[in-house]
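Scroll down for the structure; my scribbles are underneath it.
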Ligand code: RB5
């Protein structure tokens, strides 16, 4: 079976958790495409949100995982990009549901908010979940149409 490819990115506030997520993804058999940042030097989270979202929109990755200090800036930036449905998640139930119901193609986590073990459970719950389609697709179609207004 082909490896599932996940794009990951962070700013300096999320770089440690991103590294842990990368190892976790590889251990689970995924290919993690790490689009930076790669050190603790201060940088701007929108730059990395853009890199990861472009990889998702371009089909180079099936989905993206973004990490900043809170996860909030990343989710705000990612949701400005056409085609992206980014969910800021802090619990496993939401991580599963945002795939099943919202077909989120990006999740955002906060290194300063969510502990490492929980963050990995969140990532696992999201990646194991499947979009349910049906009425949920209708609802997604409605809000995705907001992009063109
Ligand atoms: C960086 O200090 C911090 O503002 C950023 O990582 C993020 O939390 C923004 O939402």
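Structure data summary
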quantity: Whether segment 24-112 is rounded, prolate or oblate, judged on the alpha carbon gyration tensor where a/c under 1.5 counts as rounded; calculated: rounded
quantity: Between segment 1-15 and segment 72-112, the Cα center-to-center distance that results, in Å; calculated: 14
quantity: Angle in degrees between helix 45-57 and the longest Cα principal axis of the chain, rounded to the nearest 10; calculated: 50
quantity: Gain upon complete extension [residue 23, residue 79; 0.36 nm per residue less C-alpha separation]; calculated: 17.5 nm
quantity: Global form of segment 1-51, assessed from the alpha-carbon gyration tensor, a/c cut-off 1.5; calculated: oblate
quantity: Förster-model FRET efficiency, 25 Å R0, residue 117 and residue 40, C-beta, rounded to 0.05; calculated: 0.70
quantity: Cα gyration tensor, segment 72-149 - rounded (a/c under 1.5), prolate or oblate; calculated: oblate
quantity: Estimated FRET transfer efficiency when R0 is 22 angstrom, pair residue 92-residue 57 (beta carbons, to 0.05); calculated: 0.25
quantity: Within the chain, helix-based [θ] at 222 nm, where runs of 4 or more DSSP H residues each add -39,500 (n - 2.57), nearest 500; calculated: -13000 deg cm²/dmol
quantity: Angle between the chain longest axis and helix 116-128 axis [Cα atoms, degrees, rounded to 10]; calculated: 30
quantity: Ranked 85, 4, criterion: other C-beta atoms within 10 Å, fewest first; calculated: 4, 85
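Read-outs: derived from the displayed coordinates by stated rules, not from any lab. Just so we're clear, the structure is a prediction, and the values are computed from it rather than from any experiment. No Cβ is skipped: glycine too gets one built from the backbone with ideal geometry, and neighbour counts run over all protein chains shown.
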